[in-house]
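Okay, so here's the structure we're looking at.
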Amino acid sequence: MLPIIPVNMHAEAIASRGIKYEKSEEIKVEKPEIKNESVEIKQEKPEEKKAKDDGIEVKILKDLPKFVDEYEKYHGPFNAGQIVKVPRHVADMLLKSKSATPISNL
């Protein structure tokens, strides 16, 4: 089994421990070439945009922490009893999980 030697230990210190030491060549690390690639911009489908714009008022039934919806948008945190306007897809999720009740028409 080879002894574990700290990287910054000098040759003299290694030799004083009775360990044979041979200086090896320096290791050269080349930086990877960075390519300029085009970035694809995600365009929303019309129905996704409509779902975001369509707000529904709901009454929150229990304390909810901050969360992220399917469009990577943050909502909350919400407190029990709070009335909030959220996108339709978020309102549907809150209603299905019995975390909210509707205030306005669905």
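What follows draws every value from the coordinates through simple rules; no lab data is involved. If you're wondering where the values come from, they're calculated on a predicted model, not measured in any experiment. Glycine gets a Cβ as well: all are built from the backbone with ideal geometry, and neighbour counts include every protein chain shown.
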Query - Around A100: net Lys/Arg minus Asp/Glu count, Cβ-Cβ under 13 Å - result: +3
Query raised in the report: Which length gain, in nm to one decimal place, applies between V68 and T101 when the Cα-Cα distance is subtracted from 0.36 nm times their residue separation?
Result: 9.9 nm
Query - Over 18 Å [Cα-Cα, region 52-102], rounded percent - result: 16 percent
**Report entry** Simple spin-label estimate for E30 and H75 in nanometres, 7 Å along Cα-Cβ
**Finding:** 5.1 nm
